[in-house]
Amino acid sequence: MVTEPQAVVHVHEVMIIGAGPSGLALAARLSEHMPAANFTDDEHQRFHWINRHRNQPSVKHSKTGAETRRESPAVSSPHAKIDLLVLDATDKHWMARWDGLFKMFDISHLRSPMFFHVDPAERDGLLSYAHMNDREKELNELRGCVGKELSKHQRKKRERSGNQPRTEPTIDERDRNDYFVPSTPLFSSHCNCIIDRYNIRDDIVSHENVEDIRYGILKEYSDTEKVFTVKTDSKIHHAKIVVLAVGGNPAQIPCKLSAEEMEGATHAMHLKEMPSPHIRRKLADKIRTNILVVGGGLTSAQLADLAIRRGVSKVWLIMRSNLKIKHFDIGLEWVGKFRNHQHSRFWLEEKEEERWKMYDTARKGGSITPAYNKVLERHVVSGRLSMLQKTTIKSKQWDPTSKTWSVSLCGDEQELPPIDHIYFATGVHNDFECLPFLQSMISDFPIKACGGFPCITQNMAWREDVPLFVAGRFAALQLGPGAPNLIGARIGAERIAWSIQDKLGSEEGGNSTGSHRDKFNYATGRCNSFDALADLDE
Ligand SMILES: Cc1cc2nc3c(=O)[nH]c(=O)nc-3n(C[C@H](O)[C@H](O)[C@H](O)COP(=O)(O)OP(=O)(O)OC[C@H]3O[C@@H](n4cnc5c(N)ncnc54)[C@H](O)[C@@H]3O)c2cc1C
């Protein structure tokens with residue numbers, strides 16, 4: 001008699017590293033049997049109706065003709081089907097880092113439009129959530145986006161007349177509903193609704209910092225099947241499939257500072273309080289305070305505004321190029337009506353270097369929104385803000401006694417009064433090869449890098465033979481310029497879920513039951529989706 005080897009270690013089916021939007025989008029997508037990307041609205045409605053009623057068939061009384069509905073046993077949650085563990089370095093619940101940053105910067109509304117969200121079930125999930133809960137008042141219209149569309153005829157006419165077609169594409173009336181931004185609390189409620197809908201509350205998220213990932217044979221588990229061993233700051237876990245949803249590299253101040261100097265400088269992504277305790281003491285004593293904010297992106301504008309609102313006397317905001325004003329951090333051509341055109345160009349491009357160039361061109365440099373530009377203009381008029389473009393720091397010296405910097409600048413205005421604090425809102429660089437927890441994978445399963453991003457496969461995997469999937473920013477060479485945003489989280493989740501379901505499905509092989517196979521076909525968009533609907537009806 002052949003005895004099965006006894007598994008003495010627990011090997012999760014899927015482990016997601018990172019409980020931010022990308023991790024959440026994937027966990028939700030793995031639990032959604034009718035993903036929006038694969039099904040029409042009609043199919044969706046029918047599937048959900050069947051699912052709700054499948055266990056409560058009506059029974060018609062033969063004599064009276066009266067119908068009664070049989071009570072059904074509770075339907076188990078779909079997520080119970082995948083053994084999933086989520087690890088996050090920030091906290092033990094979803095979206096902790098996102099929530100922390102939005103609270104820290106006191107951001108009232110998201111920057112992204114309504115179809116940027118993490119709901120796998122519905123492309124308009126966030127918009128319908130707002131309407132269903134009577135929260136339309138929490139949507140702010142993005143003025144100047146909609147209604148300037150050129151028809152094909154107008155475009156051709158412009159071209160013929162020698163006029164360049166307008167470079168920035170716009171959005172037509174039909175899509176007006178998309179071009180609102182949700183309030184921070186509304187977006188947060190929608191995320192919580194998704195977490196509850198798929199029953200993926202916090203018990204599957206563990207607060208651990210991943211330090212090392214290895215892939216190989218684990219004797220206690222199998223002599224033939226490779227699995228991942230993930231070491232964190234407190235435990236060791238194993239999984240068949242691992243997904244990296246870690247955002248980007250940790251933020252770094254772009255110049256070396258001593259421990260003493262760090263008292264007067266902070267990177268925006270490490271901000272714990274605004275303003276610093278030293279400035280707060282000065283404000284309490286009614287002493288004048290000055291700060292310098294470095295960076296040309298939305299975060300620098302938000303910091304400058306926040307500092308002024310919290311009482312700092314004067315803010316200098318410097319940026320090395322000209323101020324760019326854009327609704328989103330990628331151009332409208334990647335968001336609006338013609339985004340499919342851009343995406344198909346991106347996806348058809350085989351060379352990673354070319355894709356990286358497209359990514360870089362679409363995102364290059366920071367930009368601020370028209371709404372924040374107005375806020376900054378008001379501060380400039382009031383004299384509380386000086387905005388210096390094409391300006392960099394020439395030299396700076398920290399005086400530990402007065403706890404102020406002497407700063408001189410390269411640009412029009414060269415000398416500043418003593419500065420109490422410098423805030424660097426200089427973004428994060430992309431270099432996955434620097435991430436300490438990837439060093440083992442890089443040496444055991446090397447892959448090509450381009451522009452600091454891993455050249456992952458079309459299936460979003462590290463390599464064909466390594467089921468380490470990559471979501472979010474580091475998947476930029478597959479997802480395009482939207483990779484670091486919410487739209488990248490949702491599209492990435494869709495593509496990774498296909499690959500995961502493929503892998504887990506092929507492990508089950510021919511053993512899968514009819515109903516399981518149908519659901520698998522459903523979820524991965526295979527065969528004829530109506531066949532599966534017919535079977536559910538039986
Ligand atoms: C202030 C601010 C506002 C933004 N507003 C918008 C917006 O309105 N719309 C939009 O589309 N985008 C916005 N963005 C971009 C935003 O960062 C992304 O949309 C989103 O956060 C990307 O999600 P993510 O899950 O890929 O990465 P993250 O949100 O960065 O999440 C990564 C998670 O991985 C965890 N992690 C990292 N390393 C490890 C490790 N070693 N071990 C365990 N866990 C780890 C982190 O703790 C974190 O929770 C904003 C960004 C900032 C900074």
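Rank Arg143, Arg197 by accessible area, highest first, at a 1.4 Å probe radius? Present the calculation step by step, with values, prior to reporting the outcome.
Numbers: Arg143 175, Arg197 100 Å².
The residues order as Arg143, Arg197, largest area first.
So for Ile325, Ile213, what's the accessible-area order with a 1.4 Å probe, most first? Kindly include the intermediate steps, with their values, before the conclusion.
Values: Ile325 80, Ile213 0 Å².
The ordering from most to least exposed comes out as Ile325, Ile213.
Rounded to the nearest 0.05, what FRET efficiency is calculated for Ile325 and Asp223 with R0 set to 60 Å and r the Cβ-Cβ distance? List each step's numbers first, then the result.
Working: r = 61 Å, r/R0 = 1.01.
Taking R0 as 60 Å, the efficiency between Ile325 and Asp223 is 0.50.
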Exercise for the section: Express in Å², to the nearest 10, the accessible area of Cys455 obtained by rolling a 1.4 Å probe over the protein heavy atoms while all chains stay in place. Expected result: 20
Exercise for the section: Compute the FRET efficiency between Val8 and Asn177 as 1/(1 + (r/R0)^6), taking r as their Cβ-Cβ distance and R0 = 51 Å, and round to the nearest 0.05. Expected result: 0.40
Completion exercise
Going residue by residue through the range 421-435, the Karplus relation 6.51 cos²θ - 1.76 cosθ + 1.60 with θ = phi - 60° gives ³J(HN,Hα) values, rounded to whole Hz and with x marking Gly or Pro, of 7, 10, 10, 9, 10, 9, x, 10, 8, 9, 7, 5, 5, 8, 5
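Send over a whole-number figure in Å² for the accessible area per residue of the range 317-361, probe 1.4 Å. Show your work: numbers first, answer last.
Values: 2600 Å² over 45 residues.
Solvent-accessible surface per residue comes out at 58 Å².
Assuming 0.36 nm per residue, please report the length gained on full extension of the stretch Ala371 to Arg135 beyond their Cα-Cα distance. Please list the in-between numbers first.
Details: separation 236, 0.36 × 236 = 84.96 nm, distance 2.11 nm.
So the extension gain works out to 82.8 nm.
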Handout entry: Accessible area of Phe116 in the full protein assembly, 1.4 Å probe (Å², nearest 10)
Key = 10
Practice task
Please tell me the relative contact order of the range 220-340 in percent, rounded to the nearest whole number, where contacts are Cα pairs under 8 Å and at least six residues apart.
Solution key: 15
Problem - Separation in nanometres of the label points that stand 7 Å from Cα toward Cβ, at Glu353 and Gln458 - result: 2.2
Handout entry: Label-point separation, Glu263 to Gln389 (7 Å along Cα→Cβ), nm
Key = 3.8
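The values are calculated or read from the model by the stated rules, or taken from the named source; none is laboratory data. Just so you know, these numbers come straight off a predicted model, no measurement behind them. A quick note on method: Cβ atoms are made from the backbone with ideal geometry, for glycine too, and the neighbour counts reach across all protein chains shown. With ligands, DNA and RNA removed, areas are computed over all heavy atoms of the protein, side chains included. Shrake-Rupley method; radii C 1.70, N 1.55, O 1.52, S 1.80 Å.
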